[in-house]
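K.L.:
Once you've had a glance at the structure underneath, I'll fire off some questions.
The values are calculated or read from the model by the stated rules, or taken from the named source; none is laboratory data. Because the structure is a prediction, the values reported are computed rather than measured. All Cβ positions, glycine included, derive from the backbone under ideal geometry; neighbour counts span all protein chains shown. Calculation scope for accessible area: heavy atoms of the full protein, side chains included, ligands and nucleic acids excluded. Shrake-Rupley method; radii C 1.70, N 1.55, O 1.52, S 1.80 Å.
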Amino acid sequence: MPRKLVAGNWKMNGATGAAAMLSELPPSPGCDVLVCPPFPLIPALLATGTVPIGAQDCHWADAGAHTGDVSAPLLAELGVQAVILGHSERRADHGETSALVAAKVTAAHAAGLAAIVCIGETEAERDAGQTLEIVGQQLATSVPEGGTAETLVVAYEPVWAIGTGRTATPDQIGEVHAAIRTALEARFGAGGTDIRILYGGSVKPANAAEIFAVPHVDGALVGGASLKAADFAPIIEAAAS
Ligand code: PGA
């Protein structure tokens, strides 16, 4: 079983004093921890030397005329280790397609960054019975060739569970994670067994242990509850136990 990963996605939150929070997290927790702040906070968080730091996006090109974007090589040069790609908020706010996400994953890998690729159905798609089809399509088209357990993490994030307080049930999570595992093994062979599959969507201290007990749940991508150590630390502890 892969070592669990608990990744915090701060989204467009966190002020300049936010780095102080990292010192309140468990020091050697027995699972991997990653914190992904907004770009301007990355140097301050890296300077604490406490936990690995990730980004929330990168461009598919190495450099050039792309106003407002940030390249994977620059992130890697700073000391960033991973990048979240294809989050549903970027797919919705910025019209990111799975093909674009795959190009970004390729850029991240070329720069030596691990990619956390997000996939998940909307509520309408779930109600229409299309969950496994949508998730399967997004996985196939957002993840390029060449991923390994070191460089690729998949995050299953049902769109209807993100920031809503509505968590998918263990049965719902288990069904989708098993399907993702089967697809990863079909595609990457034995290596697909060790590629971590995170669940994301209203993970909190109260439901973390139950979610981590579901087969093929190798950790969590945590939004709101990653902003305060009082919420994030117990989730890390649940993953480690
Ligand atoms: P949430 O967000 O934990 O606030 O629901 C999860 C995510 O979007 O990654």
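K.L.:
Of all residues in the stretch 87-105, which are of a type in the set (G, A, S) and away from the ligand (no atom under 12 Å from the Cβ)? Walk me through it before giving the result.
P.N.:
Narrowing the stretch 87-105 to residues of a type in the set (G, A, S): 88, 92, 95, 98-99, 102-103.
Answer for the stretch 87-105, where residues must be of a type in the set (G, A, S) and away from the ligand (no atom under 12 Å from the Cβ): G95, S98, A99, A102, A103.
Each row is one residue, and each column tells you yes or no for (1) acidic (D, E); (2) open to solvent by 50 Å² or more (accessible area, probe 1.4 Å); (3) more than 18 Å from A155 (Cβ to Cβ).
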residue	(1), (2), (3)
G49	no, yes, yes
A63	no, yes, yes
G86	no, no, no
A92	no, yes, no
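Condition check ((1) more than 14 Å from the chain's Cα centre (by Cα); (2) over 25 Å from R91 (Cα atoms); (3) modelled with pLDDT of 95 or more) across all residues:
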residue	(1), (2), (3)
G136	yes, no, yes
I173	yes, no, yes
R196	no, no, yes
K204	yes, no, yes
D231	yes, yes, yes
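Here is a yes/no grid of residues against (1) within 13 Å of the ligand (Cβ to nearest atom); (2) in contact with a strand residue (DSSP E or B) (Cβ under 6 Å, 6 or more places away or on another chain); (3) farther than 15 Å from T148 by Cβ; (4) not β-branched (V, I, T):
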position	(1), (2), (3), (4)
R166	yes, no, yes, yes
P170	no, no, yes, yes
E175	no, no, yes, yes
F188	no, no, no, yes
R196	no, yes, no, yes
G200	yes, yes, yes, yes
A209	no, no, yes, yes
D218	no, yes, no, yes
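K.L.:
Checking G163 against (1) at positive phi; (2) at pLDDT 95 or above, which single condition isn't satisfied?
P.N.:
All conditions pass for G163, except number (2).
K.L.:
Quick check on this structure: which one of A209, A155 is aliphatic (A, V, I, L, M) and surrounded by fewer than 21 Cβ atoms within 10 Å (Cβ to Cβ)? Lay out the reasoning, then the answer.
P.N.:
Working: A155 fails: surrounded by fewer than 21 Cβ atoms within 10 Å (Cβ to Cβ).
Matching residue, one of A209, A155: A209.
K.L.:
Any idea how many residues of the stretch 70-84 are in contact with a helix residue (DSSP H, G or I) (Cβ under 7 Å, 6 or more places away or on another chain), outside any loop (DSSP other than H, G, I, E, B) and open to solvent by 10 Å² or more (accessible area, probe 1.4 Å)? If you could, list the steps in order and put the result at the bottom.
P.N.:
To start, the set of residues in the stretch 70-84 that are in contact with a helix residue (DSSP H, G or I) (Cβ under 7 Å, 6 or more places away or on another chain) comprises 70, 72, 78-80, 83.
In the following step, the residues that additionally are outside any loop (DSSP other than H, G, I, E, B) were identified as 72, 78, 83.
Now narrow it down to the ones that are open to solvent by 10 Å² or more (accessible area, probe 1.4 Å): 78.
Residues in the stretch 70-84 being in contact with a helix residue (DSSP H, G or I) (Cβ under 7 Å, 6 or more places away or on another chain), outside any loop (DSSP other than H, G, I, E, B) and open to solvent by 10 Å² or more (accessible area, probe 1.4 Å): 1 in total.
K.L.:
Right, another one. Inside the stretch 6-26, can you point out the residues that are more than 13 Å from the ligand (Cβ to nearest atom) and either in contact (Cβ under 8 Å) with a residue 24 or more places away in the chain or open to solvent by less than 50 Å² (accessible area, probe 1.4 Å) (or both)?
P.N.:
Applying the first criterion (more than 13 Å from the ligand (Cβ to nearest atom)) to the stretch 6-26 yields 14-26.
Matches in the stretch 6-26: G14, T16, A18, A19, M21, L22, S23, E24, L25, P26.
K.L.:
Within the stretch 67-96, can you find the residues that are of a type in the set (S, T, Y) and in contact (Cβ under 8 Å) with a residue 12 or more places away in the chain? Quick ask: steps written out before the conclusion?
P.N.:
Looking only at the stretch 67-96, we keep the residues that are of a type in the set (S, T, Y), and these are 67, 71, 88.
Across the stretch 67-96, the qualifying residues are S71, S88.
K.L.:
Which is open to solvent by 40 Å² or more (accessible area, probe 1.4 Å) and either without any contact (Cβ under 8 Å) to a residue 24 or more places away in the chain or more than 16 Å from the ligand (Cβ to nearest atom) (or both), of P2, P29, P43? Talk me through it step by step, then tell me what you get.
P.N.:
Details: P2 fails: open to solvent by 40 Å² or more (accessible area, probe 1.4 Å); P29 fails: open to solvent by 40 Å² or more (accessible area, probe 1.4 Å).
Selected residue: P43, the only one of P2, P29, P43 that is open to solvent by 40 Å² or more (accessible area, probe 1.4 Å) and either without any contact (Cβ under 8 Å) to a residue 24 or more places away in the chain or more than 16 Å from the ligand (Cβ to nearest atom) (or both).
Listed here are the residues, each with its yes/no results for (1) more than 19 Å from V35 (Cα to Cα); (2) touching a residue at least 60 places away in the same chain (Cβ under 8 Å).
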| position | (1), (2) |
| --- | --- |
| S98 | yes, no |
| A108 | no, no |
| C118 | no, yes |
| Q138 | yes, no |
| E145 | yes, no |
| W160 | yes, no |
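K.L.:
Anything in the stretch 188-223 that is more than 21 Å from A178 (Cα to Cα) and either touching a helix residue (DSSP H, G or I) at 6+ places or on another chain (Cβ under 8 Å) or free of Cβ contacts under 8 Å to residues at least 24 places away in the same chain (or both)? List them, or say none.
P.N.:
So in the stretch 188-223, the residues more than 21 Å from A178 (Cα to Cα) come out as 204-206, 223.
K204, P205, A206 - these are the residues of the stretch 188-223 that are more than 21 Å from A178 (Cα to Cα) and either touching a helix residue (DSSP H, G or I) at 6+ places or on another chain (Cβ under 8 Å) or free of Cβ contacts under 8 Å to residues at least 24 places away in the same chain (or both).
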